[in-house]
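> I'd like to ask some things about the structure below.
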Amino acid sequence: MAYLRFLTLSLLIIASISPAQTIADESAANQLTEQEKQDGWMLLFDGKSTRQWMSIEEKPLAETHVQDGALNPHPCKYMLVYEKPLTDFVLQLDFKLTSKCNSGIFVRTSSLKPRPGKDVGYNGIEIAIDDTTTAGFHDTGAFYDLVAPNTNSMKPAGEWNHVQITSNGAVMEVEINGVPVNRINLDEWKSPGKRPDGSDHKFDTAWKDHPRTGYIGLQDHGSDCWYRNIKLKHLKP
């Protein structure tokens, strides 16, 4: 019953937020429609430059990361980062993977400085983006190693997909190609290394205490992948 309520709520959100839910055709890529502008959407990538993006060391990026109107984080040091920390928002973008690619979209990364012995991925929450067909803790739509998606609704490698990530207080939700696939309530994550059901995960963080403002990032894990139509709408407190 709880999942049915989540599904119904997610479908209502889909209907009310924006027509940007569908994958844009090539001629409309990396642009905001007039309706999106009126609804408060921001374009985070212009399709032509790395303006607004930086390395985890907060340095400018090479323009070689821009390829055919998309951002390719490979190769970089862990991930490309949007220049400003964000709080509550809806993030939409399209992604395309190469065969066997392992990538991810990070949110709430705080800070960008890795802790001793850890990579910067331990400082944020990753929505996994991987060329797989299963629906486990490390597959597309998972909150990486925290919550597995209920289904893998991703298209095959080489095709564009659309993802929406809602980050609103304690609750985060993920949709892939218009399908609600995951939800997490961080207030339930009270112990480092433990899921609410008592099973183990890899992170030494009690996620209920993690900052709810942080950076978003596009991960490089050794393979080419592309992100475009990166749009964000702030949610009002």
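> Give all pairs with beta carbons closer than 7 Å in which a residue from segment 77-93 that is farther than 21 Å from residue 225 by Cβ meets a residue that is buried (at least 16 other Cβ atoms within 10 Å of the Cβ) and of a type in the set (Gly, Ala, Ser); count only pairs at least 6 apart in sequence or on separate chains.
85/214; 88/167; 89/167
> Which residue is surrounded by the fewest Cβ atoms within 10 Å (Cβ to Cβ), if the candidates are limited to segment 188-237 and must be of a type in the set (Gly, Ala, Ser) and part of a strand (DSSP E or B)? Reasoning before the result, please.
Narrowing segment 188-237 to residues of a type in the set (Gly, Ala, Ser): 191, 193, 198-199, 206, 214, 217, 222-223.
So of that shortlist, the ones also part of a strand (DSSP E or B) come out as 214, 217.
On the way: 214: 21, 217: 28.
The extreme case among them is 214.
> How about segment 139-195: which of its residues are out of contact with any helix residue (DSSP H, G or I) (no Cβ under 7 Å at 6 or more places or on another chain), among the acidic types (Asp, Glu) and closer than 20 Å to residue 106 by Cβ?
Within segment 139-195, 139, 145 qualify.
> Another question, then. For segment 93-126, which residues satisfy the criterion of being among the basic types (Lys, Arg) and within 21 Å of residue 149 (Cα to Cα)?
Going residue by residue through segment 93-126, those that are among the basic types (Lys, Arg) are 96, 100, 108, 113, 115, 118.
96, 100, 108, listed by residue number.
> Any idea how many residues of segment 161-177 are in a strand (DSSP E or B), touching a Lys or Arg at 6+ places or on another chain (Cβ under 8 Å) and in contact (Cβ under 8 Å) with a residue 24 or more places away in the chain?
Initial filter on segment 161-177 (in a strand (DSSP E or B)): 161-168, 171-176.
Narrowing the set further to residues that are touching a Lys or Arg at 6+ places or on another chain (Cβ under 8 Å) leaves 161, 167, 171-174.
From what is left, the residues that are in contact (Cβ under 8 Å) with a residue 24 or more places away in the chain are 161, 167, 172-174.
Qualifying residue count, segment 161-177: 5.
> From the list 181, 147, 174, which residue is surrounded by 23 or more Cβ atoms within 10 Å (Cβ to Cβ), out of contact with any Cys (no Cβ under 8 Å at 6 or more places or on another chain) and closer than 13 Å to residue 125 by Cβ? Quick ask: steps written out before the conclusion?
Details: 181 fails: closer than 13 Å to residue 125 by Cβ; 147 fails: surrounded by 23 or more Cβ atoms within 10 Å (Cβ to Cβ).
Matching residue, one of 181, 147, 174: 174.
> Report, by residue number, each residue of segment 106-121 that is exposed (fewer than 14 other Cβ atoms within 10 Å of the Cβ) and among the small types (Gly, Ala, Ser). Walk me through it before giving the result.
In the first step, residues of segment 106-121 are kept if they are exposed (fewer than 14 other Cβ atoms within 10 Å of the Cβ); the result is 113, 115-119.
117, the sole residue that qualifies.
> Also, quick follow-up: Just give me the residues in segment 1-30 being in a loop (DSSP other than H, G, I, E, B), at pLDDT 60 or above and over 19 Å from the mean Cα position of the chain (by Cα), in sequence order.
Within segment 1-30, 25 is the sole residue that qualifies.
Conditions (1) over 19 Å from the mean Cα position of the chain (by Cα); (2) under 19 Å from residue 150 (Cβ atoms); (3) free of Cβ contacts under 8 Å to residues at least 12 places away in the same chain, marked per residue:
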position	(1), (2), (3)
179	no, yes, no
184	no, yes, no
200	yes, no, yes
211	no, no, no
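> Turning to a different aspect of this structure: Taking residue 128 and the conditions (1) crowded, with 16+ Cβ neighbours inside 10 Å; (2) in a loop (DSSP other than H, G, I, E, B); (3) touching a Pro at 6+ places or on another chain (Cβ under 9 Å), which numbered condition does it fall short on, given that it satisfies the others?
Result: residue 128 fails condition (2) only.
> Are any residues in segment 25-53 of a type in the set (D, E, K, R), farther than 13 Å from residue 68 by Cα and out of contact with any helix residue (DSSP H, G or I) (no Cβ under 7 Å at 6 or more places or on another chain), and if so, which ones?
Step one: list which residues in segment 25-53 are of a type in the set (D, E, K, R), which gives 25-26, 34, 36-37, 39, 46, 48, 51.
Narrowing further to those that are farther than 13 Å from residue 68 by Cα: 25, 34, 36-37, 39, 51.
Those that are of a type in the set (D, E, K, R), farther than 13 Å from residue 68 by Cα and out of contact with any helix residue (DSSP H, G or I) (no Cβ under 7 Å at 6 or more places or on another chain): 25, 34, 37, 39, 51.
> For segment 83-105, how many residues are β-branched (Val, Ile, Thr), assigned to a strand (DSSP E or B) and either surrounded by fewer than 20 Cβ atoms within 10 Å (Cβ to Cβ) or touching a helix residue (DSSP H, G or I) at 6+ places or on another chain (Cβ under 9 Å) (or both)?
Just the residues of segment 83-105 that are β-branched (Val, Ile, Thr), to begin with: 87, 90, 98, 105.
Next cut, assigned to a strand (DSSP E or B) only: 90, 105.
Among the residues that remain, those that are also either surrounded by fewer than 20 Cβ atoms within 10 Å (Cβ to Cβ) or touching a helix residue (DSSP H, G or I) at 6+ places or on another chain (Cβ under 9 Å) (or both) are: 90.
Within segment 83-105, residues that are β-branched (Val, Ile, Thr), assigned to a strand (DSSP E or B) and either surrounded by fewer than 20 Cβ atoms within 10 Å (Cβ to Cβ) or touching a helix residue (DSSP H, G or I) at 6+ places or on another chain (Cβ under 9 Å) (or both) number 1.
The values are calculated or read from the model by the stated rules, or taken from the named source; none is laboratory data. If you're wondering where the values come from, they're calculated on a predicted model, not measured in any experiment. All Cβ positions, even for glycine, are placed from backbone atoms using ideal geometry, and neighbour counts span all protein chains on display.
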